[in-house]
Amino acid sequence: MKKYLLAAFAIVILAGCGDKNYEPRALNEETDVCQICQMTVVHQDFAGQIIEKNGDYEVFDDIGCLVEKLERDQQSEKDVGAAYIKDANTGEWINVFEATYLYDKEFWTPMNYGVLVFEDVTEAEAYRSKSGYGKLMNFEDLQGFKWGIHQ
Amino acid sequence: MRKIILTLMFWLTLSLSASANLQQQIDEAEPGATIEVTGEHSGNFLITKPLTLIGKDATLRATGMKPALTIDNTQDVIIDNFKVIANQRGIVVKDVDNARIVNIAASDMLIGIQLHRSKNIELAYNSIEGTDAHYAKKGNGLALFQSEDLHVHHNQITKVQDGIYIEEIQGIHVHDNTVTNSRYGTHFMYSDAGLVENNTYERNVTGLMVMMVDGFTARYNTSRYHNEMNGSGVLFYDVKNATLAHNTISENRLGLVLQKCDTVRIEDNEFLVNQTALEATRVDDVSLVMNNTFIGNILTARSDKEGVTLYANYYDDYNGIDADGDRYGDTPYTAYSSFGQWMVRQPAYQYFVASPSVELLTVLDQQTPVAQHMLVDDKPQMIKNEAHMMGINYAQALLGGLLLMSTLIVWRKGSKR
């Protein structure tokens, strides 16, 4: 019996040590600076964050900067703990790799890259119907996307 | 009441007539003609033929959200000496070959001069002043898109988002401009064959920002006082085949930031009194930081684990000797600092720079083998840039002398009593 208890205890402890919880953290516009463009994250509705597997948080002011960081470090979903971006509709943190993207040069974002982020296609479609323009994309489409103002 | 309405109608009619006159003059002018313009003209003027507009104490005031002046689908245009007032954009140039836009004074607008799909364009001696709003709510001083062979010089730009924004430009010479109090002084995106020289960048977020560029040279520029918590003198992101030479980068939070760079040469620059002179992330081993001068910086260099190659630079905190007299130190210089490396991961740690514990850690770094393969200069220069080393600030010397004399006089008077 003692053996089983010890084994159960060990399993619980080991399980506790296993999975890391990569939750998004609250941002502070006074101290959080975008890793790529060095801008402070004043417009939090567009902000993103990557949580590295070692627990480091990296903050971005625009989805373009976040994608560039992944490209710079040659990281895919499996290489980072988690990556979040703010939903353009709800302002909630959503998973970067599963989000739907809507691009038009007329959309304002902090770096003027014109890419808005939505939790799913329905949300993005609704926004596109309302604004009257925008090109739907998924995360794969952002690889090699030419970030710029695109006038 | 009737009088007021009549007066208003009189001024409105006068204004409309003046603007109609200018557009009418433009429309009626022969291609290649020169028009002298005086006084203020309201409207949204359009040039679609070769033409020279010379202002003599003249103002172009935009109505509504359209630009004050648009030059569209033409060639050989000169716009000289105008004050421009607009809500959004001052002057827009589209599909134009060969134009000079000079001596324009623009203020309180979103974008000073905007250029699209044009070639052989000179933008010079313009003065652009934005507003005090946050950078995100402002436009660029000069916004240049998809064009080639541009010459941008002697412009004075302040309080805008980016002083000179350059996107998809092939061949641009940017020189002798001054950009202050803006987000980025000059911002390159996807533009090749750029030459940036003799510019002054002060008190922006970043002086010179270069992103996604292949083939670039910046020389003899001064980038200083970018010392906000996110400030940097020069930032290269995803840059290939670039040279940064003979620049003075001083009093910045970060002097030079290199991210994802291939084959860049950083040589003969002066890094003076920066919090961190050089930060490198994902820089290839062909890139070289060589023959630069590092004086008065709190931290010389920090990097990711790949480091960056330092060679034959001068460091004022090098403690070695030159016994063989070859002007190079006999032992390597180690720029590595554990704390500097931590700051790459956590920028907020900058608030602890120069604290006693950090200083102690840095001393320990010098004596541990961890640092031996990273951020090491095997051939540090012993003597460099004597102008800095031996220079005398005569104003300070005079003030010091006067203070010394005053002290002596007071002391003597006191001792006589």
* Asked: Restricted to the range B:254-278, and to residues that are surrounded by 24 or more Cβ atoms within 10 Å (Cβ to Cβ) and within 14 Å of chain A (Cβ to nearest Cβ), which residue is farthest from B:H226 (Cα to Cα)?
  -> B:C261
* To do: With a cut-off of at least 1 residues that are touching a strand residue (DSSP E or B) at 6+ places or on another chain (Cβ under 8 Å) and under 27 Å from B:V239 (Cα atoms), name the strands (runs of 3 or more DSSP E) lying wholly within the range A:51-128.
  => A:57-60, A:82-86, A:100-103, A:115-118
* **Which listed residue is closer than 23 Å to A:Y113 by Cβ, surrounded by fewer than 20 Cβ atoms within 10 Å (Cβ to Cβ), facing chain A (nearest Cβ under 10 Å) and out of contact with any Pro (no Cβ under 7 Å at 6 or more places or on another chain), from B:Q170, B:Q161, B:Q146, B:Q114** => B:Q146
* Pull up the range A:129-150, narrow it to residues that are more than 14 Å from every other protein chain (Cβ to nearest Cβ) and crowded, with 18+ Cβ neighbours inside 10 Å, then point me to the one that is nearest to the chain's Cα centre (by Cα). => A:F139
* To do: Evaluate the following for A:F107: is it aromatic (F, W, Y), surrounded by 13 or more Cβ atoms within 10 Å (Cβ to Cβ) and modelled with pLDDT under 95?
  => yes
* Restricting the search to the range B:208-232, which residues are away from chain A (no Cβ under 11 Å) and under 16 Å from B:T276 (Cβ atoms)? -> B:S223, B:R224, B:Y225, B:N227
* Hits in the range A:81-101 (condition: under 20 Å from A:D141 (Cβ atoms), of a type in the set (D, E) and free of Cβ contacts under 8 Å to residues at least 40 places away in the same chain) -> A:D87
* **Residue count, the range B:92-111 (criterion: within 14 Å of chain A (Cβ to nearest Cβ) and within 14 Å of B:G163 (Cα to Cα))** => 2
* Asked: Among the residues of the range B:120-127, is any modelled with pLDDT of 95 or more, within 27 Å of B:N204 (Cα to Cα), more than 14 Å from every other protein chain (Cβ to nearest Cβ) and not in a strand (DSSP E or B)?
  -> yes
* To do: Could you tell me whether A:I51 is out of contact with any His (no Cβ under 6 Å at 6 or more places or on another chain) and modelled with pLDDT of 95 or more?
  => yes
* Of all residues in the range B:146-195, count the ones that are on the phi > 0 side of the Ramachandran plot and assigned to a strand (DSSP E or B). => 3
* To do: Could you run through the range A:15-49 and say how many residues are within 12 Å of chain B (Cβ to nearest Cβ) and assigned to a strand (DSSP E or B)?
  => 2
* Structure fact -> Of the candidates B:T63, B:T34, the one satisfying the condition of being of a type in the set (V, I, T) and in a strand (DSSP E or B) is B:T34
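The values are calculated or read from the model by the stated rules, or taken from the named source; none is laboratory data. Just so it is clear, the structure is predicted and the values come from calculations on it, not from any experiment. As a convention, Cβ positions derive from the backbone with ideal geometry for all residues, glycine included, and neighbour counts pool all protein chains shown.
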